[in-house]
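Read through the structure below, which is laid out as C-alpha cells, and then see the notes.
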Amino acid sequence: MRRFLLIYALIGGLSSLGAIAPLAASQTSDRETKFRLAQALEREGEYERAATLYQDLLKRDPANYVLFDCLQRVWIQLKRYDDVVMLIRNRLTQTPGDLNLRAILGGVLYRAGREKEAAAEWDEAIALAPANPGTYRAVASVLIENRLVDRAAELYRRGRAASGDPHLFTLELAQLLSAGMDYTGAATEYIRWLLQNPTQLAFVQTRIASWSVKPDARSAALSAVQAALDAHEDPLLLELLGWLLMEGKDYDGAFDVYRRIDALSHAGGTALYQFAERAFREKAYAVAARAYQEAITAPLAPQRLPYAELGYARSLKEMSAVSDSLATPVRGTPATESQPLYGGAVARFRAIIDKYPRTEFSAKSYYQIGLIQFEKFADLDGALTSFGHVLEEVTAVNVLRYDVGLMIGRIHIARGDTPRAAERFTAVAAAPDALPDQSDEAVFRLAEIDYFGGRFDGALRQLDGITINLKADYANDALRLHAFLQENVKVAPEALRAFGEADFLARQGKNTEAIAILLGVIATYPQAPLVDEALMTVASLQASAGLYAEAASSYGRLLTQFKESSVSLDRAQFRLGEIFQYGIRDTAKAIAAYEKLLTDYPSSILAAQARSRIRRLRGEAF
C-alpha cells in the first residue's frame, strides 16, 4: 500500500507540474504515469485495477502492441477468456496475417474449453505459411505452454513432412518425446541429430543422461541405438552404444563394443585403452585388465604403451585387493610378496621398472610396490626402500614426491618414530605446490601425532584447519577423529589419553599391548563415552591377531553391555558375522549373526551387504 501511495503522490506531483508544461507533454506524462501504475498493480496481483488502467490506455492508443499484450495477460490471469478472445479477434482484423496472434488465440480458446475452435485457429495459423518452419515452432510453443506435448510432437512431424526435410525439428522432438517418456522416440531423434552433427556426441550423451539413469529408459535407448546400427554400422553409434552399456554397468558388453570400435576405426588399440581407463576409474578392474592387455597386444602405439602397461599392473593390484577383502576380511596375518595374491601385480610393476628405467612409469611402479609392501605385506623396510627409489627415479614430479613423503611419514608412525614422521608431514603441509588434498592429509597426520601424544587441543586445532574432500582416502578417518576427540576430551581426558596410547601401539602392530591398555580403560573408566569404541577396537585387534574366539566374545559383550547406548551396534553385529564366516568358519552361526543384523537394525547401511552374505552362505543364486 505504501508503494501505491507514493505512486499516487507522484501522479499528483506530475499533475501539478503539468499545469506549467504544454498540454501535449502533460498528456504524455499522464499516460506514462498511468502505465507505470498499472505495471505496479499487476506485480502486486491487483489484476482488476491493472486491467482497468491498461484498457483505458489501449482505447487511447489502439495500435500499441505493448498495451494490447499487457491487457490480454491480466485478463488471462482473471480468466476473462471471452474478453481476451474478442480483444485478439479485433486486433486480427487489423493484421489478419499475424500467425503468432492466431496461435495465441488458439491457446486462449483452449483454456476457455473451446477445443474445436482452438484447433481451427491453429490450423488457420499453419495455413498462413505451411512451408515455413517458424510457423510450426510458433504454434508448437503455444501447444507446449498448454501442456499438449503429444500434439506438439505430432505438429513437428507434420512440419517435417510438409518441408520434406527429415532432419527438421530434431532437437525439439527429442526434448518433447523425452518429456512424454517416449524414450525410444527421443533416442531415435538424438541419433538422427548425432549422425548429422558428428562432433555433438558429448552433447547427445548429456541429454540422454538426464533420463537414462532409469533402467527402462536406458533399455529403450539401447534398442534405438542397436536398431540404427543394424541399418548402418557407424563408429559414432558404437561409441554411443558403448557409453550406454557403461552407464548401465554392463562393462563386459561395453568391452565387446569397444573391440568393434577399435577394429572399425583402425585405432590400433587406442579405443581399447580409452575404454580400459574409464573402466578402471569406475572400479571395474577385471574388465579393465583385459582391455589393457588387448590394447597392449594390438599393438598399441609406443607413446601410449607404457601407460597401458602401468594401467594393467594397477588393475591386477586392485583385483588382488578385492579378492583379499572378499576372501579374508578378518585376516590374521599379513600377506607376503612370495604369495600369489599380489605376486602377479608386483611382478608386472617390476617388469615396468626394468623396461622404462628412470621415467615416471618406473617411479609410479616403485610407488605401487611400496604401497603393497606397507599395506598388504607389513614390510616396512621393503616399503621404505621402494619409496626411496621413487625419489631417485624422477626428481621433477613433485606431486608424486609429496605422496611418497606422506607414505614415508606413515611408515615412521608404524615404527613408533613420531619425530621423523612429523618432519615428513610438516614438509608436505608447508609445500606451496602440494595439492590441497596432500596438504590436508599432512595436517591430519600431524593431528594424529598430537592425539597419540595426548596433546588433544593441538590435535583439534589441526583438524579444524582442514577443508576435507570427502572423496579423499583419509577423509572418514579425519572426521571420525575430530568427533571422537570432541566427545571425550572434556569428560574423559585420562581415558582418552590411554586410548590414544593404545591406538599408537596398534599402528605399530603391537596388538597384545594395545589390547591390554584398552581392557584397562574399559575396567577403569566404565562411564567414559569411548568405552564402547574401546571394546570395538579390542575385538578388531583380536580378529587381526587371529584370536577369533576372543573377538567373537568381545563383539558379543559390546552387543549385550552397550545395547542401549552404543552407536556401533550394527557394525559390531556385522563384524561378528564375519568372525563366524571367515575366522571360526561356522556357517550356521554366521547366517544367524547376519540375520540378527537384519532383524535388529533393518535400516543399517550394512543390511544389503548382510543379505548378500546370507545368500552366498546358503549357496543361493544372485
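The values are calculated or read from the model by the stated rules, or taken from the named source; none is laboratory data. Everything quoted here is computed from the prediction, not taken from an experiment. Here the Cβ is made from the backbone with ideal geometry for all residues, glycine too, and neighbour counts use every protein chain on show.
Exactly one residue among ARG218, ARG207 is in contact with a Leu (Cβ under 8 Å, 6 or more places away or on another chain), buried (at least 18 other Cβ atoms within 10 Å of the Cβ), of a type in the set (D, E, K, R) and over 26 Å from ALA308 (Cβ atoms), and that residue is ARG218.
Any residue in the stretch 539-549 that is in contact (Cβ under 8 Å) with a residue 24 or more places away in the chain, touching a Gly at 6+ places or on another chain (Cβ under 6 Å), in a helix (DSSP H, G or I) and surrounded by 14 or more Cβ atoms within 10 Å (Cβ to Cβ)? For the stretch 539-549, residues in contact (Cβ under 8 Å) with a residue 24 or more places away in the chain, touching a Gly at 6+ places or on another chain (Cβ under 6 Å), in a helix (DSSP H, G or I) and surrounded by 14 or more Cβ atoms within 10 Å (Cβ to Cβ): present.
A Cβ distance below 7 Å, combined with a sequence gap of six or more or placement on separate chains, defines the contacts here; from the stretch 60-72, residues that are surrounded by 12 or more Cβ atoms within 10 Å (Cβ to Cβ) reach residues that are not in a helix (DSSP H, G or I) in the pairs LEU67/ASP61. I'd like to know if the stretch 551-559 contains one or more residues that are buried (at least 16 other Cβ atoms within 10 Å of the Cβ), among the aromatic types (Phe, Trp, Tyr), under 28 Å from ALA514 (Cβ atoms) and modelled with pLDDT of 95 or more. Yes: the stretch 551-559 contains one or more residues that are buried (at least 16 other Cβ atoms within 10 Å of the Cβ), among the aromatic types (Phe, Trp, Tyr), under 28 Å from ALA514 (Cβ atoms) and modelled with pLDDT of 95 or more. With (1) touching a residue at least 12 places away in the same chain (Cβ under 8 Å); (2) closer than 24 Å to GLU360 by Cβ as the list, and VAL287 as the residue in question, which single condition is left unmet? Only one criterion is unmet by VAL287, namely (2).
Quick check on the stretch 574-586. Is at least one of its residues at pLDDT 95 or above and polar (S, T, N, Q)? Scanning the stretch 574-586, I find no residue that is at pLDDT 95 or above and polar (S, T, N, Q), so the answer is no. Scanning the stretch 340-350 finds one or more residues that are surrounded by fewer than 18 Cβ atoms within 10 Å (Cβ to Cβ), under 16 Å from PRO306 (Cα atoms) and touching a residue at least 12 places away in the same chain (Cβ under 8 Å). Would you please name the residue that is surrounded by the most Cβ atoms within 10 Å (Cβ to Cβ), looking only at residues in the stretch 245-263 that are within 14 Å of GLU282 (Cα to Cα) and among the aliphatic types (A, V, I, L, M)? Looking at residues that are within 14 Å of GLU282 (Cα to Cα) and among the aliphatic types (A, V, I, L, M), I get ALA254. For the stretch 338-348, the count of residues that are at pLDDT 95 or above, among the basic types (Lys, Arg) and part of a helix (DSSP H, G or I) is at least one. Restricting attention to the stretch 559-572, report how many residues are closer than 13 Å to ALA539 by Cβ, part of a helix (DSSP H, G or I) and within 36 Å of the chain's Cα centre (by Cα). Residues meeting the conditions: 4. Just one of (1) in a helix (DSSP H, G or I); (2) in contact with a helix residue (DSSP H, G or I) (Cβ under 7 Å, 6 or more places away or on another chain); (3) over 25 Å from PHE374 (Cα atoms) fails for GLU494. It is (2).
Would you call ALA528 within 37 Å of the chain's Cα centre (by Cα), crowded, with 16+ Cβ neighbours inside 10 Å and not in a helix (DSSP H, G or I)? In short, no. Residue-level analysis places SER566 among those that are in contact (Cβ under 8 Å) with a residue 12 or more places away in the chain, in contact with a Leu (Cβ under 9 Å, 6 or more places away or on another chain) and of a type in the set (Ser, Thr, Tyr).
Within the stretch 160-174, the set of residues being surrounded by fewer than 18 Cβ atoms within 10 Å (Cβ to Cβ) and either farther than 22 Å from ALA129 by Cβ or not hydrophobic (A, V, I, L, M, F, W, C) (or both) comprises SER163, GLY164, ASP165, PRO166, HIS167.
The sole residue among ASP123, ASP165 that is assigned to a helix (DSSP H, G or I) and either without any contact (Cβ under 8 Å) to a residue 24 or more places away in the chain or over 44 Å from the mean Cα position of the chain (by Cα) (or both) is ASP123. Evaluation of ARG575 against the conditions (1) among the basic types (Lys, Arg); (2) within 17 Å of LEU617 (Cβ to Cβ); (3) more than 35 Å from the chain's Cα centre (by Cα) shows that the sole unmet condition is (3).
So that you can scan it fast, the table gives a plain yes or no per residue for (1) assigned to a loop (DSSP other than H, G, I, E, B); (2) surrounded by fewer than 17 Cβ atoms within 10 Å (Cβ to Cβ); (3) not charged (D, E, K, R):
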{"position": "ARG575", "(1), (2), (3)": "no, no, no"}
{"position": "TYR582", "(1), (2), (3)": "no, no, yes"}
{"position": "LYS589", "(1), (2), (3)": "no, yes, no"}
{"position": "GLN609", "(1), (2), (3)": "no, yes, yes"}
{"position": "ILE614", "(1), (2), (3)": "no, no, yes"}
{"position": "LEU617", "(1), (2), (3)": "no, yes, yes"}
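So, of the residues in the stretch 449-508 that are among the β-branched types (Val, Ile, Thr) and within 35 Å of the chain's Cα centre (by Cα), which turns out to be modelled with the highest pLDDT? Residue satisfying both the conditions and the ranking: ILE449. The single condition from (1) more than 26 Å from the chain's Cα centre (by Cα); (2) modelled with pLDDT under 95 that VAL213 fails is (1). If the condition is being not polar (S, T, N, Q) and not in a helix (DSSP H, G or I), then the stretch 497-515 contributes GLY509, LYS510. Residue count for the stretch 474-491 satisfying the condition of being in contact (Cβ under 8 Å) with a residue 12 or more places away in the chain and not hydroxyl-bearing (Ser, Thr, Tyr): 11. A count restricted to the stretch 246-261 and to residues that are under 20 Å from ALA295 (Cα atoms) and either touching a residue at least 12 places away in the same chain (Cβ under 8 Å) or of a type in the set (Phe, Trp, Tyr) (or both) stands at 10. Listed by position, the helices (runs of 4 or more DSSP H) contained in the stretch 373-488 that have at least 2 residues being within 20 Å of PHE499 (Cα to Cα) and touching a His at 6+ places or on another chain (Cβ under 8 Å) are 456-464.
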